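Here's the structure we're looking at; comments come further down.
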Amino acid sequence: MATLRASIHWLCLFPAFLSGNTTYELSSDWSEFEFVVQSKLILVEANVNDLTGYFLFDTGASELILNDYYFPPQHGIKSEDPYFDTNGLGWNYGFSFVKQFCWNNIKREKYHTPCVPMESIEAALDVTLLGIIGQEVFKNATLWMDYEHRKMIIGKNYESFQSFFEKPPHLQHQFEMEGHLPVLSVDIAPLEDLRLGLDSGAMMDLLSDRLERKLRHDAVAKRHFSLLGGSDQYHRSFYFIMRELETQEMFTLRFGKVGFCNLDGMRSYDIQIDGFLGVNFFRLGQVLIDYQTQQIAIWATMNDYTIRLKDRIEEK
């Protein structure tokens with residue numbers, strides 16, 4: 001079996017942190033900007049403590065996480081609970097003090113946030129990475145992304161986008177929340193109703209390694225790869241190519257890749273999911289996520305990813 005290139009999955013689960021008395025706030029109701037894509041992942045520019053640079057946009061991360069090389073941890077402040085990544089590794093982490101944070105129209109001042117090593121992910125992406133922007137930062141906003149044209153909008157709420165679209169979405173669905181993760185139901189024969197968290201920080205879809213035996217005989221092919229988790233360490237794993245993946249009865253992807261990872265750490269914090277939908281979900285077209293109403297809307301476009309959909313999504 002061939003060994004393929006590494007895959008990045010930077011899920012960050014921090015069950016306890018020093019949040020301070022401030023919260024992330026929108027300074028305006030609308031902000032439109034461009035992002036860059038590196039190794040399929042979404043990088044955005046933000047500013048922390050007067051230092052501007054790239055951050056990984058990660059719906060699978062729980063909050064803002066800083067690179068401890070640029071934002072060293074404060075002495076004497078450590079997490080009480082361990083942090084676990086998708087390779088099953090856990091450890092206690094430090095905190096950096098943020099005087100000011102600014103990501104377009106989202107701002108916050110004077111609080112602590114976790115900091116971890118990011119040398120391996122910087123090397124894998126070939127970019128200087130200041131940190132990761134997770135769900136706590138944007139949970140009170142509505143996000144619209146056009147992956148193909150590298151554009152993103154941060155809006156106040158779903159209603160603020162109504163006049164923006166000329167046509168209704170091709171696909172629309174309510175999602176559940178499991179911890180900080182939006183969760184959708186996915187069928188991968190012979191398994192049904194798998195609960196997968198939406199994770200833009202994953203280069204491919206991932207499932208719990210507990211499901212490997214149940215899918216093995218239905219896989220078209222099996223390949224090895226190296227999985228880079230939030231511990232900043234690589235772990236040898238493998239993925240299957242499955243004939244069909246049906247997501248929430250919205251669309252069915254033919255010959256999709258699913259890797260396998262260790263979710264034991266997440267289960268210890270009572271986050272009950274079966275895996276993750278990676279960044280490919282955002283390649284469907286223009287994607288809107290509203291955490292307040294728990295809605296996802298998709299305006300599908302034809303590209304090298306959506307051409308593998310089982311049924312063509314007709315324009316409305």
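The values are calculated or read from the model by the stated rules, or taken from the named source; none is laboratory data. Note that this is a predicted model, so its numbers are computed, not measured. We place every Cβ from the backbone using ideal geometry, glycine too, and count neighbours over all the protein chains shown.
Cβ-Cβ below 9 Å, separation at least six or inter-chain, first residue in region 291-313 and without any contact (Cβ under 8 Å) to a residue 24 or more places away in the chain, second in a helix (DSSP H, G or I) and not basic (Lys, Arg): which pairs? As it stands, the answer is THR306/LEU284; ARG312/THR306, since those pairs meet every condition given.
Looking for something modelled with pLDDT of 90 or more, surrounded by 18 or more Cβ atoms within 10 Å (Cβ to Cβ) and not in a loop (DSSP other than H, G, I, E, B) - is there at least one such residue anywhere in region 13-22?
No, the conditions are met nowhere in region 13-22.
One residue stands out in region 105-150 among those that are in a strand (DSSP E or B) and touching a Lys or Arg at 6+ places or on another chain (Cβ under 8 Å): the one that is farthest from VAL36 (Cα to Cα), namely LYS110.
Does TYR158 count as touching a helix residue (DSSP H, G or I) at 6+ places or on another chain (Cβ under 9 Å) and either over 30 Å from TYR234 (Cα atoms) or aromatic (Phe, Trp, Tyr) (or both)?
Numbers: touching a helix residue (DSSP H, G or I) at 6+ places or on another chain (Cβ under 9 Å): no; either over 30 Å from TYR234 (Cα atoms) or aromatic (Phe, Trp, Tyr) (or both): yes.
Against the criterion (touching a helix residue (DSSP H, G or I) at 6+ places or on another chain (Cβ under 9 Å) and either over 30 Å from TYR234 (Cα atoms) or aromatic (Phe, Trp, Tyr) (or both)), TYR158 does not qualify.
Does region 150-167 include one or more residues that are in contact with a strand residue (DSSP E or B) (Cβ under 7 Å, 6 or more places away or on another chain), among the polar types (S, T, N, Q) and either buried (at least 20 other Cβ atoms within 10 Å of the Cβ) or under 19 Å from TYR69 (Cα atoms) (or both)? No, region 150-167 contains no residue that is in contact with a strand residue (DSSP E or B) (Cβ under 7 Å, 6 or more places away or on another chain), among the polar types (S, T, N, Q) and either buried (at least 20 other Cβ atoms within 10 Å of the Cβ) or under 19 Å from TYR69 (Cα atoms) (or both). Among the residues of region 290-304, those identified as polar (S, T, N, Q) and either over 21 Å from HIS149 (Cβ atoms) or at pLDDT 95 or above (or both) are GLN292, THR293, GLN294, GLN295.
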